[in-house]
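Notes to accompany the following structure.
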Amino acid sequence: MKNVYFILFFISIYTVNAQNSCDNANSYLVNAYAHAKDSYESNNISHLKYYANRSVEAFQLAKKQLKDCPCSKALEFANKAIEALLKVEQEETFEDGRFFVKRGREFAKQSVIEMDQCAFNNYQETSTQTVETPNNTSTQLSDLQKEQLKLQQQQEALKKQEAEIKSKLAAQKLEAESLKKKQIIASYKKVMSNNVKTYNESLSVCHCQHKAFENTTISEDLSSKSIDEIKHYFTENLKALASDYIAELNQCN
């Protein structure tokens, strides 16, 4: 009888270690899938490649944990996802890169599904072994309830972690877009300032009696507008400035 308990003890240690690796792998796979989704939903090639690389990094971490986790299907799909996502970096167009991101995203999704299936199968095996162990009915029931509670807690923790990851990625996305807006606004302001200077110098050389052009004061908050709206705003201002310049030239004698 002592030998039986001794064997069960080592089996339980192995099971716990394997479960920990599976839990860690599952967490990394969820992260990888979230990054792949964000890559696919990107609207420019820079963000597309950035999140694709983040997804590959998460998959690499998952693979290390999957070595000690009996879930070969999840590993197989993870490798396929990595293979597809690594091709994104070398693509020059947004459409070509997005093609491989889409494939990587689907493989990532399958990897997470297979990981959940493995967790369910392991739970079923543990439950069966617990029921078949003799002379421990009350203890078996208690252990089963604890295992169910543990799985529920793990699922809730993963859902919470996924929500936090999505929130962080959304914040990073907003921050990147805000920075891009500032860069675009600064570039357009510089162009307008250079044009004003050039127009004034040209009219002076032509000895035109004109009122000096001045830099346009931005009266509205452009940070709340989309990038396309910002570009449209400055394009219209540049057109208006150019029209005024042509009009002044036409009046020159």
Restricted to segment 206-238 and to residues being modelled with pLDDT under 85, among the small types (G, A, S) and in a loop (DSSP other than H, G, I, E, B), the residue farthest from S187 (Cα to Cα) is A212
Scanning segment 109-147 for residues that are in contact with a Ser or Thr (Cβ under 7 Å, 6 or more places away or on another chain) and modelled with pLDDT of 70 or more gives D143, L144, E147
Note: among L203, L149, L241, just one is among the aliphatic types (A, V, I, L, M), part of a helix (DSSP H, G or I), under 30 Å from D116 (Cβ atoms) and not assigned by TED's automatic domain parsing to the domain that holds F120, namely L149
task = Kindly establish whether E214 is farther than 23 Å from K173 by Cα, surrounded by fewer than 14 Cβ atoms within 10 Å (Cβ to Cβ), over 35 Å from the mean Cα position of the chain (by Cα) and free of Cβ contacts under 8 Å to residues at least 24 places away in the same chain.
result = yes
Reported set for segment 43-75 where residues are surrounded by fewer than 20 Cβ atoms within 10 Å (Cβ to Cβ), in contact (Cβ under 8 Å) with a residue 24 or more places away in the chain and either outside any helix (DSSP H, G or I) or β-branched (V, I, T) (or both) is N44, I45, K67, D68, P70
Screening E248, E175 for residues that are of a type outside the set (K, R), within 30 Å of N31 (Cβ to Cβ) and assigned to a helix (DSSP H, G or I) leaves only E175
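The values are calculated or read from the model by the stated rules, or taken from the named source; none is laboratory data. Bear in mind that the values here come from a model prediction, so they are computed numbers and not experimental data. Note that each Cβ is placed from the backbone with ideal geometry, even for glycine, and that neighbours are counted across all protein chains shown.
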